[in-house]
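K.L.:
Here's a structure for you.
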Amino acid sequence: MNDTAAKVSGRPLSLADLVERGTRAPDHAAEARALAGLARSLAERPENGLEALARTIVEMGLAGSACVSLLDPSGQCFRWSATAGAWARHAGRVMPYGASPCAVVLDAAAPLLFRQPHETFPALVGEPPINEVLLMPF
């Protein structure tokens, strides 16, 4: 973990920390249906691909909310470009680079798990409360 990640109070957890939780059995049929649905969405309406991805994550029961946050071309802020689930009403939200856990993930160049992220990132205070957030750079 680099200096930026280490500076975050309530230090984020690495994916290695998830290993302790164990794994779930794969549902190959459900995963194949989800991938087929995503492929269909991309073929029919590529401009909605990120929204389809977020919606699929929630529909599969992998998360209560899912969001794709993109770095603005200026590099100064993140925009919640696709949001589904319990936090869907926050679609389009903008967060300054320094106030977003996404910045920590980009700076670390690694997936990170944050517990109680609102304690470190006040912009994430809301309803329903976020207990954990797993962020992946891509």
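K.L.:
Assuming 0.36 nm per residue, please report the length gained on full extension of the stretch residue 138 to residue 17 beyond their Cα-Cα distance.
P.N.:
Additional length available on full extension: 41.5 nm.
K.L.:
Ok, one more. Label points 7 Å out from Cα along the Cβ direction at residue 72 and residue 43: separation in nm?
P.N.:
My value for the distance between the label points is 3.8 nm.
K.L.:
Probe radius 1.4 Å, ligands and nucleic acids ignored: give me the carbon and sulfur share of the accessible area of segment 1-133 as a rounded percent.
P.N.:
Working: 4500 of 7930 Å².
Answer for segment 1-133: carbon and sulfur cover 57 percent of the accessible area.
K.L.:
In square angstrom, what is the accessible area per residue of the chain with a 1.4 angstrom probe?
P.N.:
Numbers: 8390 Å² over 138 residues.
I get 61 Å² per residue for the chain.
K.L.:
Pairs of alpha-carbon atoms within less than 8 angstrom and 6+ residues apart define the contacts here; what relative contact order does segment 56-138 have, in percent?
P.N.:
Once normalised by length, the contact order is 21 percent.
K.L.:
Same structure, new question: Let me have the 222 nm mean residue ellipticity of the chain computed from DSSP H runs of 4+ only, each contributing -39500 (n - 2.57), with the sum over all residues rounded to the nearest 500.
P.N.:
Here the helix-only value at 222 nm equals -9000 deg cm²/dmol.
K.L.:
Please work out how much accessible surface residue 118 shows to a 1.4 Å probe, ignoring ligands, DNA and RNA, in Å² rounded to 10.
P.N.:
Ignoring ligands and nucleic acids, residue 118 comes out at about 50 Å².
K.L.:
How large is the Kirkwood hydrodynamic radius of segment 34-138, counting all unique pairs of alpha carbons, in Å?
P.N.:
Working: mean 1/r = 0.0700 Å⁻¹.
In segment 34-138 this quantity evaluates to 14.3 Å.
The values are calculated or read from the model by the stated rules, or taken from the named source; none is laboratory data. As the structure is a prediction and not an experimental result, all values here were calculated from the model. Virtual Cβ from ideal backbone geometry, glycine too; neighbours counted across all protein chains shown. For accessibility, only protein heavy atoms count, side chains too; no ligands or nucleic acids. Shrake-Rupley method; radii C 1.70, N 1.55, O 1.52, S 1.80 Å.
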